[in-house]
Amino acid sequence: METVTSTTDTPRIGLGMPRVPGVRGRLKDIPVPGHKRVLLAAPRGYCAGVDRAVIAVEKALEHYGAPVYVRKQIVHNIHVVTQLEQQGAVFVDEVDEVPEDAHIVFSAHGVSPAVVNAAADRGLHAIDATCPLVTKVHREAVRFARDDFEILLIGHEGHEEVEGTAGEAPDHVTLVNSPDDVANIEVRDPDKVVWLSQTTLSVDETMETVRRLREKFPKLQDPPSDDICYATQNRQVAIKKVAQDADLVIVVGSANSSNSVRLVEVALEYGAKAAYRVDYASEVQQEWLDGVETVGVTSGASVPEELVKELLDALADAGYGEVSEVKTAEEDLMFSLPKELRRDLAGNRDARAIGGRSRTVAG
Ligand code: SF4
């Protein structure tokens with residue numbers, strides 16, 4: 001079973017668990033020369049793919065009963081994983097840890113065909129909660145491999161999403177970890193290369209990687225549409241705007257959440273004097289607030305809003321009770337539940353409609 005660790009020894013806030021003791025009143029209201037305030041980035045927090053994956057596990061538990069097995073963390077957030085464990089989800093690293101005939105959910109980050117086949121060989125009932133936007137990248141990989149392209153996959157080595165996408169076309173994929181990696185990339189035929197990417201990267205850094213790749217391989221093809229997903233892009237746009245005016249940015253998100261970690265980097269790049277990532281409000285250190293007038297706050301795409309609320313409460317205790325939202329886009333995208341659940345839940349109103357959109361807010 002996968003061991004999930006928090007970045008600190010802080011007690012966790014779970015459904016049905018007491019609130020974290022000591023969060024309220026832990027930070028002190030120490031005067032600063034100017035006006036204390038919080039700029040709260042929007043959009044932030046849950047994206048459509050995370051929402052769907054978490055609901056999929058909850059519905060599976062309700063419908064099939066505990067335990068329901070989940071391969072890897074369903075989404076990269078310690079709080080969400082802990083809550084689901086309390087409801088009866090069992091997180092495993094690989095399908096061979098799951099008893100035959102059990103139900104297993106594949107995480108939002110996606111799996112390779114080898115994992116799907118291993119689950120089938122074991123007689124498991126698989127529910128595929130891969131985000132549809134990750135599935136889109138998988139399909140691109142299959143299509144370009146079929147046309148005998150070499151696929152330069154920009155992403156982080158070892159990330160589950162990258163393993164899943166690369167697993168669709170292992171003989172055609174070369175991983176590009178960073179702009180600096182480009183110098184070492186060799187291809188068979190420079191006339192037949194395409195780049196694809198992980199969905200949760202820094203937009204700016206990815207574009208720099210692509211620029212260098214194109215310099216080296218002028219015939220490099222672009223993906224048919226953006227691989228970095230709407231949620232990752234929207235959260236980065238919002239924090240860029242907040243960071244310009246923030247002395248300090250605090251990102252709520254887990255250490256293994258790629259998009260949360262990127263938000264810290266983007267905040268620093270776009271003007272925040274300091275930026276930190278926390279799983280819980282109780283991790284905020286008093287000294288981070290020394291001399292700080294404006295605190296920017298955001299959260300990664302796998303973070304429930306209750307954790308942001310905890311942070312805002314803690315900041316209010318420290319004198320940062322004035323909160324203004326900085327909104328750069330509207331999001332109302334929703335995905336239907338995985339098809340296996342829609343089939344098994346047919347008739348009891350749990351299958352949700354695909355719809356919605358993401359829209360940039362002027363200014
Ligand atoms: S971050 Fe993007 S790709 Fe990942 S689950 Fe959310 S919407 Fe899907």
Take the range 59-72 and flag every residue that is within 16 Å of the ligand (Cβ to nearest atom) and farther than 17 Å from Ser254 by Cβ. Arg71
Extreme residue, modelled with the lowest pLDDT, among residues of the range 316-335 that are under 24 Å from the mean Cα position of the chain (by Cα) and part of a strand (DSSP E or B): Met334
Could you check how many residues of the range 115-127 are hydrophobic (A, V, I, L, M, F, W, C), without any contact (Cβ under 8 Å) to a residue 60 or more places away in the chain and not in a loop (DSSP other than H, G, I, E, B)? 5
Residue check: is Gly45 away from the ligand (no atom under 16 Å from the Cβ), modelled with pLDDT of 95 or more and at positive phi? no
Exactly one of (1) more than 13 Å from the ligand (Cβ to nearest atom); (2) of a type in the set (Asp, Glu); (3) within 30 Å of Lys59 (Cβ to Cβ) is unmet by Glu161. Its number? (1)
Output yes when any residue across the range 73-94 is farther than 28 Å from Val261 by Cβ and either surrounded by fewer than 24 Cβ atoms within 10 Å (Cβ to Cβ) or away from the ligand (no atom under 16 Å from the Cβ) (or both), and no when none is. yes
Reported set for the range 35-90 where residues are of a type in the set (A, V, I, L, M, F, W, C) and in a loop (DSSP other than H, G, I, E, B) is Cys47, Ala66, Ile74, Val75
Evaluate the following for Phe106: is it surrounded by 19 or more Cβ atoms within 10 Å (Cβ to Cβ), within 16 Å of the ligand (Cβ to nearest atom) and of a type in the set (Phe, Trp, Tyr)? yes
Looking only at strands (runs of 3 or more DSSP E) that fall completely inside the range 149-265, which ones have 1 or more residues that are over 23 Å from Ala301 (Cα atoms) and without any contact (Cβ under 8 Å) to a residue 24 or more places away in the chain? 173-176
Thr130 vs. criteria part of a helix (DSSP H, G or I), among the polar types (S, T, N, Q), within 15 Å of the ligand (Cβ to nearest atom) and under 24 Å from Tyr230 (Cβ atoms): no
Hey, can you tell me all the residues within the range 261-283 that are more than 12 Å from Val249 (Cβ to Cβ) and out of contact with any Asp or Glu (no Cβ under 6 Å at 6 or more places or on another chain)? Val261, Arg262, Asp279, Tyr280, Ser282, Glu283
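Per-residue answers, yes or no, for (1) surrounded by fewer than 17 Cβ atoms within 10 Å (Cβ to Cβ); (2) touching a strand residue (DSSP E or B) at 6+ places or on another chain (Cβ under 7 Å):
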{"position": "Ala166", "(1), (2)": "no, yes"}
{"position": "Pro179", "(1), (2)": "no, no"}
{"position": "Asn184", "(1), (2)": "yes, no"}
{"position": "Ser197", "(1), (2)": "no, yes"}
{"position": "Leu201", "(1), (2)": "no, yes"}
{"position": "Asp204", "(1), (2)": "yes, no"}
Ser112 - would you say it is touching a residue at least 40 places away in the same chain (Cβ under 8 Å), under 30 Å from Asn177 (Cα atoms), among the hydroxyl-bearing types (Ser, Thr, Tyr) and away from the ligand (no atom under 16 Å from the Cβ)? yes
Among the residues of the range 133-155, write down those that are surrounded by fewer than 17 Cβ atoms within 10 Å (Cβ to Cβ) and of a type outside the set (D, E, K, R). Thr135, Val142
Hits in the range 216-240 (condition: surrounded by 20 or more Cβ atoms within 10 Å (Cβ to Cβ), away from the ligand (no atom under 16 Å from the Cβ) and charged (D, E, K, R)): Lys240
Checking Thr209 against (1) β-branched (Val, Ile, Thr); (2) buried (at least 17 other Cβ atoms within 10 Å of the Cβ); (3) within 18 Å of the chain's Cα centre (by Cα): exactly one of these is not met. Which one? (3)
Is one or more of the residues making up the range 292-302 away from the ligand (no atom under 16 Å from the Cβ) and part of a loop (DSSP other than H, G, I, E, B)? yes
Here is a check on your reading of the model: is Val54 farther than 30 Å from Ala272 by Cα and away from the ligand (no atom under 16 Å from the Cβ)? no
Quickly run through the range 254-286 and pick out the residues that are touching a Lys or Arg at 6+ places or on another chain (Cβ under 9 Å), over 20 Å from Asp317 (Cα atoms) and among the polar types (S, T, N, Q). Ser254, Ser257, Asn259, Ser260
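The values are calculated or read from the model by the stated rules, or taken from the named source; none is laboratory data. On a predicted model such as this, the values are computed, not experimentally measured, just so you know. For neighbour counting, all protein chains shown are included, and Cβ atoms are generated from backbone atoms with ideal geometry for every residue, glycine included.
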